[in-house]
Amino acid sequence: MGALGHYIEREGVPTAQVSLIREQTAAIKPPRALWVPFMLGRPFGAPNEPDFQRNVLRSLLSLFDRPAGPVLDDFPEDAPTASEAPSFACPVSFASAKAREVGLAGAVLEEVAELGPWYELARRRRGRTTVGVFGAGAEAATRHVLSYVKGSPEAPPDPAWSAGMAVKRACDDLKAYYYEAVAAQPGNIDARAIETWFWTETAAAQALLSIRDYCLKSSDESLKPLGKLSLIPRFVTDTR
Amino acid sequence: MARLTDFSDSERKHHLQKIRDLPDFGATPFVAGPSLARRRVAIVTTSGLHARGDRPFDIGAADYRVIPGEMPASELVMSHVSVNFDRSGFQEDVNVVFPIDRLRELAADGVIGAVSDFHYAFMGAAPIRALEPKAKELATLLKKDRVDAVLLTPV
């Protein structure tokens, strides 16, 4: 991020950046930066908090009034947190026992079906969905993910995509479907709670972990890096 | 929240290594401009955002996607390759990553001069040096669009 500040401003266009990792920005010394004490993924603090977002944005824009740089300011407030966070509850009850009963692929299909109404509810309330990088809906992504779980991977849907990028995008779409569905209940927008639920309680997470193992053992150069870095968050792999 | 001291050991080591691997950028450039109320503002995000149906970002991609200013939030998806940041905020409200509605409000209030017709997205996991040629290319586009304030926003 700070590198772009150097590169773009060198060409004559003024820049100001949000910094999420202060130490990194202090090392790069971009022209203007505002460090914010928010979680990674939320540079403007919190969703559905327009006043707070506007305050962050105004602080960032105010850096253009400084006469000289580099500037690295600290935003003074923490992000608002979801007030209902402690009452997080999953609208659908899952158990890893399901995977033993119907197999992992079967358990994922059951979860996807059970979450369907919640996903549709979320999509209507938000007027949008972020599922759709792999294909039109969650169905195709689920099928692609499960082809790996079953040990007979489907070919990528686009011939220009590597096997690795295809399965990566399918995994991300499936995860987005779960996240959006479980957030359908008003109390379920706490990021950490959703993340913990997904990685500890769903068959989908077990499916992604099995794909990671598949990638690590694969001789396909497009699959190997996924296993190391791009399927499972570090906080999950740290505990395995 | 995103203080290195708050991260897990492996996460902290990862970010510290990235800092150690940084190239030397030399002197920091600093370009003056008009007052904020006269500036034309564009967002350049490294969140891997793009239009639904546009090319997703590959691992290591150093190129960018164009996001027309009038594009509805329902058309935006994210194909950043990292799994180590929160996406639930973006799923709930695009402005937590790409504050286009807030920027329009500030333009309507006269705080800034105008919002650019085009915004841009890189994918932040690209190798730093690889970004330079595309960033130069983008600066040319920004100047043609009379942008004199670029907001760089990460995830």
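The values are calculated or read from the model by the stated rules, or taken from the named source; none is laboratory data. Treat the numbers as computed from the prediction; the structure is a model and nothing was measured. Don't worry about glycine lacking a Cβ; one is built from the backbone with ideal geometry, like all the others, and counts go over all protein chains shown.
Filter the range A:120-132 down to residues that are away from chain B (no Cβ under 11 Å) and under 23 Å from B:GLY53 (Cβ atoms) and give me whichever is surrounded by the most Cβ atoms within 10 Å (Cβ to Cβ).
Within the range A:120-132, the first condition is being away from chain B (no Cβ under 11 Å), and the residues that meet it are A:120-121, A:124.
From what is left, the residues that are under 23 Å from B:GLY53 (Cβ atoms) are A:120, A:124.
Numbers: A:GLU120: 14, A:ARG124: 11.
Filtering first and then ranking leaves A:GLU120.
The set of residues in the range A:31-45 that are over 18 Å from the mean Cα position of the chain (by Cα) and either within 7 Å of chain B (Cβ to nearest Cβ) or farther than 17 Å from A:LEU63 by Cβ (or both) comprises A:PRO31, A:PRO37. Restricting attention to the range A:209-240 and to residues that are polar (S, T, N, Q) and either in contact with an Asp or Glu (Cβ under 7 Å, 6 or more places away or on another chain) or closer than 17 Å to A:TRP199 by Cβ (or both), the residue that is nearest to the other protein chains (Cβ to nearest Cβ) turns out to be A:SER230.
Only residues that are in a helix (DSSP H, G or I) and within 10 Å of A:MET1 (Cα to Cα) were counted across the range A:22-38, and they come to 3. When the range A:97-150 is limited to residues that are free of Cβ contacts under 8 Å to residues at least 12 places away in the same chain and outside any helix (DSSP H, G or I), the one that is farthest from A:LEU226 (Cα to Cα) turns out to be A:GLY127.
Picking from A:ALA176, A:ALA184, which residue would you name as being surrounded by 19 or more Cβ atoms within 10 Å (Cβ to Cβ), modelled with pLDDT under 95 and at negative phi?
Values: A:ALA176 fails: modelled with pLDDT under 95.
Exactly one of A:ALA176, A:ALA184 is surrounded by 19 or more Cβ atoms within 10 Å (Cβ to Cβ), modelled with pLDDT under 95 and at negative phi, namely A:ALA184.
So is A:LYS175 under 22 Å from A:ARG125 (Cα atoms) and either touching a residue at least 24 places away in the same chain (Cβ under 8 Å) or touching a helix residue (DSSP H, G or I) at 6+ places or on another chain (Cβ under 8 Å) (or both) or not? Walk me through it before giving the result.
Working: under 22 Å from A:ARG125 (Cα atoms): yes; either touching a residue at least 24 places away in the same chain (Cβ under 8 Å) or touching a helix residue (DSSP H, G or I) at 6+ places or on another chain (Cβ under 8 Å) (or both): yes.
Criteria met by A:LYS175.
Look at the range B:1-17: where a residue is among the hydroxyl-bearing types (Ser, Thr, Tyr) and a partner is modelled with pLDDT of 80 or more, sitting 6+ places away or on another chain with Cβ atoms under 9 Å, you get B:THR5/B:ARG12; B:SER8/A:ARG234; B:SER8/A:PHE235; B:SER8/A:ASP238; B:SER10/A:ARG234; B:SER10/A:PHE235; B:SER10/A:THR237; B:SER10/A:ASP238.
Consider A:ALA89 carefully, then state whether it is part of a loop (DSSP other than H, G, I, E, B), within 30 Å of B:ALA108 (Cβ to Cβ) and modelled with pLDDT under 95. It is false that A:ALA89 is part of a loop (DSSP other than H, G, I, E, B), within 30 Å of B:ALA108 (Cβ to Cβ) and modelled with pLDDT under 95. Restricting attention to the range A:133-159, the residues that are farther than 20 Å from B:LEU49 by Cα and not polar (S, T, N, Q) total 16.
Could you run through the range A:61-86 and say how many residues are crowded, with 17+ Cβ neighbours inside 10 Å and closer than 25 Å to B:PRO23 by Cβ? Steps first, please.
If we filter the range A:61-86 for residues that are crowded, with 17+ Cβ neighbours inside 10 Å, which is where we start, we get A:61, A:63-64, A:69-73, A:75, A:79, A:82.
Those still in the list that are closer than 25 Å to B:PRO23 by Cβ too: A:63, A:69-73.
Of the residues in the range A:61-86, 6 are crowded, with 17+ Cβ neighbours inside 10 Å and closer than 25 Å to B:PRO23 by Cβ.
Looking at the structure I just gave you, is A:TYR179 assigned by TED's automatic domain parsing to the domain that holds A:CYS215 and within 13 Å of B:GLN91 (Cβ to Cβ)? Before the answer, list the steps.
Details: assigned by TED's automatic domain parsing to the domain that holds A:CYS215: yes; within 13 Å of B:GLN91 (Cβ to Cβ): yes.
Spelling it out, A:TYR179 is indeed assigned by TED's automatic domain parsing to the domain that holds A:CYS215 and within 13 Å of B:GLN91 (Cβ to Cβ).
Specify the residue that is surrounded by the fewest Cβ atoms within 10 Å (Cβ to Cβ); the eligible residues are those in the range A:25-39 that are more than 17 Å from A:GLY69 (Cα to Cα) and in contact with a helix residue (DSSP H, G or I) (Cβ under 7 Å, 6 or more places away or on another chain).
If we filter the range A:25-39 for residues that are more than 17 Å from A:GLY69 (Cα to Cα), which is where we start, we get A:36-39.
Going one step further and asking which of them are in contact with a helix residue (DSSP H, G or I) (Cβ under 7 Å, 6 or more places away or on another chain), we end up with A:36, A:39.
Values: A:VAL36: 27, A:MET39: 20.
For the range A:25-39, the residue satisfying everything is A:MET39.
Working only within the range B:112-135, note down all residues that are facing another protein chain (nearest Cβ under 7 Å) and more than 15 Å from the chain's Cα centre (by Cα). Of everything in the range B:112-135, just one residue is facing another protein chain (nearest Cβ under 7 Å) and more than 15 Å from the chain's Cα centre (by Cα), namely B:ILE112.
Could you list, in sequence order, all residues of the range B:14-32 that are surrounded by 13 or more Cβ atoms within 10 Å (Cβ to Cβ) and either more than 7 Å from every other protein chain (Cβ to nearest Cβ) or under 16 Å from A:PHE235 (Cα atoms) (or both)?
The initial filter retains those residues of the range B:14-32 that are surrounded by 13 or more Cβ atoms within 10 Å (Cβ to Cβ), namely B:14-16, B:18-19, B:22, B:25, B:28-31.
Listed by number, the residues that qualify are B:HIS14, B:HIS15, B:LEU16.
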